[in-house]
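Please read the structure below before turning to the comments.
The values are calculated or read from the model by the stated rules, or taken from the named source; none is laboratory data. The structure presented is a predicted model; accordingly, all values stated were derived computationally and were not measured. Because the Cβ atoms are built from the backbone with ideal geometry, glycine has one as well, and the counts that use them run over all protein chains shown. With ligands, DNA and RNA removed, areas are computed over all heavy atoms of the protein, side chains included. Shrake-Rupley method; radii C 1.70, N 1.55, O 1.52, S 1.80 Å.
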Amino acid sequence: MSLPDLHLDTARLLEQLRQLGAVGQDAVGGGRTRIALTDADKAGRDLLVAWMREAGLSVRIDRIGNILGILPGAATASGQGGLMIGSHIDTVRHAGALDGCYGVLAGLAVARAFRDAGVVPTRALVVAAFTNEEGARHQPDMMGSLVYAGGLSLQTALDAVGTDGSRLGDELARIGYAGKLAPGALVPADYLELHIEQGPVLEAEGLRIGVVESLQGISWQRITITGTANHAGTTPTRLRHDAGYAAAAVVAFLREQVVAAAPASTLATTGSLRFEPDVINVIPRKAVFTVDLRDPDEPRLRAAEARLQAFLAELAEREGVVIETERLARFEPVRFDGALVGEIEASAQRLGLSHLRMTSGAGHDAQMIARIAPAAMIFVPSRDGISHNPREHTDDDQLIEGARVLLDVVRRRLGGC
């Protein structure tokens, strides 16, 4: 089969990244905030849908709000699925412009390359923007792709209550993205996701492309410690039931465990912490905080969870506090499809781009879709490894190189006529 001659409109890709990056722009700091299912997210979705239609894609919205832009393929064997390129366009607060958006818009650029050349792919090409990948307001994260892959029931997702008390299904309807298509109705034969690395490895090694062959397992918990509020100046330390101290002890324990386990790759983070009554001269009666544990090895991740639970039990008894835990998300490590990983590596070699097989430290929609289809990811470098931050940056030439690797893989998978 001869391969079609396809060309990316790279200027259009970079301009669309700039335009989408301006949606939800913060008043100060140069970032943008498009939390899933907010008005800013709606504005970003509306822009993406318009671009998909301009590119000649048929747009479908499913019941969890995933956006699917479909470029039909030539007649193929019954039941043969298409190739899906996906990611997300929602953000955390004060985010950069590339996380997620790059993968969706590069997928759109690949579809546009087929249309501009008048080439019909042998199978359908589907560009997907999944709902609520970040999980900044409604948990769990990667929700749209998790529902799509059958790992979370639609109703459970719709009933999720956010940090602001909102019900996800109500917010989805409010912004006009409660579609009719059943999630997962279009089962892909292959799934590709192009992403910035969000880490320092590629830049530190002077390499251009990351060939992602696995993702870390993730364990999210919310921990609530209840003690006794009392006067900071009159209560002896030995008589305190200090929820604030107990929370700090957990954070310190996690760091000590990670350092002691080196060079093992377990990571532990407390990203959210609040005290009650939050007064300078009152011993906290309550502490609520999160724990994010990650490891590419499932037994090591389980061991870290077990050590944390044992420490919480010992701490509760020693300090006379009550400790409750709530699991927010739990995903096992993922190994991507070996053949698809090999094709990405081969494309990087054909294009003369230095590359590295690697594990992703962040979670991505690809790990959910890998439950139902062969999947793999492509990384490009992130300056200083920074992401989830307005200073998130990848040079334009690096963005273009990643998109060209993506196009080369798709061209060889789908051919054309």
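Once the Cβ-Cβ distance of THR156 and HIS94 is raised to the sixth power relative to R0 = 25 Å, the FRET efficiency obtained is 0.30. The modelled label-to-label distance for the pair ARG255/ASP26, using points 7 Å beyond Cα in the direction of Cβ, is 2.4 nm. Contact order, relative form, for the chain: 23 percent (alpha carbon pairs under 8 Å, 6 or more residues apart, mean separation divided by residue count).
Cα-Cα pairs above 20 Å in the stretch 217-331: how many percent? Across the stretch 217-331, Cα pairs with separations above 20 Å total 42 percent. When both bridge partners sit in the chain, DSSP labels roughly 70% of those beta bridges antiparallel. Couplings 3J(HN,Hα) of the stretch 147-153, computed from phi: 5, 4, 8, x, x, 8, 5 Hz, in residue order, whole Hz [Karplus 6.51 cos²θ - 1.76 cosθ + 1.60, θ = phi - 60°; x for Gly and Pro]. I'm spelling it out carefully: the read-out is log10 I(q)/I(0) by the Debye sum over Cα atoms at q = 0.06, 0.07, 0.14 Å⁻¹, the candidates are (1) -0.24, -0.32, -1.38; (2) -0.27, -0.36, -1.26; (3) -0.52, -0.62, -1.17, and one was derived from this structure. Which label? It is the one labelled (2).
Extension gain, GLU314-GLN19: 0.36 nm per intervening residue step, less the Cα-Cα distance, totals 101.0 nm. Taking 45 Å as R0, compute the FRET efficiency from the Cβ-Cβ separation of ALA339 and ARG391 and round it to 0.05. Rounded to the nearest 0.05, the efficiency is 0.75.
Using the Cβ of THR270 as centre and a radius below 12 Å, the other residues enclosed give a net charge of +2, where K and R count +1 and D and E count -1. For ILE61, neighbours were defined as the other residues whose beta-carbon sits under 11 Å from its Cβ, and their charges (Lys and Arg +1, Asp and Glu -1) total +3. Using the Cβ-Cβ distance between ARG174 and ALA11 with R0 set to 45 Å, the FRET efficiency works out to roughly 0.80. Of ILE372, ILE85, the order by accessible heavy-atom surface (1.4 Å probe, DNA, RNA and ligands excluded), from most exposed downward, is ILE372, ILE85. For the chain, with all protein chains in place and a probe radius of 1.4 Å, 50% of the accessible heavy-atom surface sits on carbon or sulfur. Taken over the Cα atoms of the stretch 111-230, the convex hull encloses 214 Å³ per residue. Helix screen, the chain: DSSP H segments with Cα axial length of 30 Å or more and mean Kyte-Doolittle hydropathy at least -1.0 are 298-319. Relative contact order for the stretch 1-74: what percent, with Cα pairs under 8 Å and sequence separation of 6 or more? Worked out over the stretch 1-74, it gives 15 percent. GNM on the chain, alpha-carbon springs under 10 angstrom: the most fluctuating residue among ASP62, ASP190, ASP397 is ASP397.
Judged by the mean number of other Cβ atoms found within 10 Å, the most tightly packed of the peptides 124-133, 231-240, 273-282 leads the ranking 124-133, 273-282, 231-240.
At ASP278 and ASN230, where each label point lies 7 Å from the Cα along Cα→Cβ, what is the point-to-point distance in nanometres? For the pair ASP278/ASN230, the computed spacing is 2.5 nm. Close amide H pairs (under 5 Å, H built 1.01 Å from N) link VAL120 with CYS417, residues at least 5 positions away or on another chain. All other residues whose Cβ lies under 9 angstrom from that of HIS364 are scored, Lys and Arg at +1 and Asp and Glu at -1, for a net of -3. With the simple spin-label model, which puts each label point 7 Å out from Cα in the Cβ direction, the LEU239 to GLU298 separation comes to 5.2 nm. One chain, two ends: SER58 and ARG330. Fully extended at 0.36 nm per residue, the span grows by 94.5 nm beyond their Cα-Cα distance.
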